[in-house]
1. Mind pulling the angle between the C-alpha long axis of helix 222-233 and the longest principal axis of the chain? Nearest 10 degrees, somewhere in 0 to 90.
2. Please state the charge dipole magnitude for region 333-420, taken about the Cα centre, from unit charges on C-beta atoms (+1 on K and R, -1 on D and E), reported in debye and rounded to the nearest 20.
3. Please figure out what share of the DSSP beta bridges in the chain is antiparallel and state it in percent, rounded to the nearest 5.
4. Using the Cα atoms of region 192-346 to build a convex hull, what is its mean projected area in square nanometres?
5. If neighbour count is taken as other Cβ atoms inside 10 Å, put S76, S314 in order from fewest to most.
6. How big, in percent, is the set of alpha carbon pairs in region 307-361 lying more than 19 Å apart?
7. So how far apart, in nm, are the two label points at M209 and E312 if each is 7 Å from Cα heading toward Cβ?
8. Rounded, prolate or oblate: which fits the chain, taking a ≥ b ≥ c as square roots of the Cα gyration tensor eigenvalues, rounded meaning a/c under 1.5, else prolate when a/b beats b/c?
Amino acid sequence: MGSDSIVRDPSLAPDGHRKIDWAAEHSPVLNRVRDEYLKDGTFEGLGVGVALPIEAKTAYLTIVLAEAGADVSVASPGPFFVQDDVAAALAERGVTVYASSEADPLEADRELERVLDRVAGGRDAVLIDDRAGLTRLAHTTRKGLLPRIRGSSEETTSGVAKFRAMEREGVLEFPTLAANDARCKYLFDNRYGTGQSAITAIMQNTNLMMGGKRLVVLGYGWCGKGIARYAAGLGARVSVCEVDPVRGLEAYADGFDVLPALDACERGEIFVTATGSTDVLTREHFERMRDGAILANAGGVDVEIDVDGLREASSGSREVRRNVEEFDLEGRKIYLVGRGLVVNLTAGDGHPVEIMDLTFAIQALCAHHLANNGHALENRVHLLPKEIDDEVARIKLDAVGMGVDSLTSEQEEFLAGWRE
Ligand SMILES: NC(=O)c1ccc[n+]([C@@H]2O[C@H](COP(=O)([O-])OP(=O)(O)OC[C@H]3O[C@@H](n4cnc5c(N)ncnc54)[C@H](O)[C@@H]3O)[C@@H](O)[C@H]2O)c1
């Protein structure tokens, strides 16, 4: 077992190993990044602290970093994102894991603190963060470790927003790479990954049909676009709610109805939030919804659907299927899938492996970049250099037997100049 790991049940490891092996086999991009870039000695003796949902793809990323010489320690950004069999398997593969699906929010914070203590106590470290969980603690309860942290790389849109807020306030004490903002991340992970896995989670947990349903997507960013596209592809009649008129117009041009949320409530049958904001669906909305409405959140924060408000508005609730809670509102039923937390992770297996292969190739290269250049970067939010993003896309195209052309020097000159 990976040194001082703490997991719920070590005997679950065999199932976890099978899941990790499947992810490893379907990760050609990360495997090539490992072979071509990560084994150059950069990670020897370095601590790498990881806060990501504990499931097979994340596990494989941490194994790859450990194989490259890093002392890797991982915890989950929340207990609902822990697959105990994967945690048990990971602990047997040389990665230190502090994760249990039964932890409460306070214990979950303690697990993240343990990660910081282990990776940055007495040596340099880089962080791979999710919603700035590790970074928040490094700036509050673990300030003493700050000088040891060369930088962190952030996985989510919501996390990058937090880092930008820290930068604005001038409190960020190490540089951050916005891994989320790499094109090979958000164009695929947020769009196709969330699209496929959120819709799959809703269908699997309700066992209801998507075709013909009136589905409302709240937020038409990268995630919302993916959700709308997958639902429409399965025959759902999709409407979009936005606060940004340009994004609303984009949804209209993509063929969807665009309308205010309160109006959408009267016609929708399935509602999926993907805004990263708070109180997107509240009591006001629940009161207008039809009998049998289904709600799910695919955004990265757990306050998009006001679950407390739903509980207060209802006379009672019960679990009607695994991951589906039924609320009774004066005879009308409203169903909440996955507790209002990120539905594809709490009530599903997360993104498809090939999507996370791209995302984690980016994350591994972010960690590598920070390990080598973190000390020279200013304490603010940086983008991953474009060449690294391009290289990941090139490796993926090559892995699927495709490729792109290069500009000739004449074309480069033509594009860079202004004379005819
Ligand atoms: N489920 C997942 O696996 C997954 C994957 C990637 C990102 N995320 C999370 O999903 C959220 C959205 O990410 P994104 O990359 O699409 O962000 P984005 O910034 O591209 O899009 C968010 C959209 O929501 C809109 N919006 C904000 N408040 C709204 C409101 N009250 N009503 C309607 N629309 C509103 C914004 O105008 C914007 O167009 C973030 O929290 C992100 O961290 C989840």
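Derivation of every value follows stated rules applied to the coordinates shown; laboratory data play no part. Computed from a predicted structure; not experimentally measured. All Cβ positions, glycine included, derive from the backbone under ideal geometry; neighbour counts span all protein chains shown.
1. The two axes meet at around 50 degrees.
2. In debye, rounded to 20, region 333-420 gives about 780.
3. Restricted to the chain, the bridges split so that about 20 percent are antiparallel.
4. Mean orientational projected area (region 192-346, Cα hull): 7.6 nm².
5. The fewest-first ordering by Cβ neighbours comes to S314, S76.
6. Here the long-distance tail beyond 19 Å is 42 percent of all Cα pairs in region 307-361.
7. Result: 3.9 nm between the two label points.
8. Working: a/c = 1.72, a/b = 1.27, b/c = 1.35.
Since a/c reaches 1.5 but b/c is at least a/b, the shape of the chain is classed as oblate.
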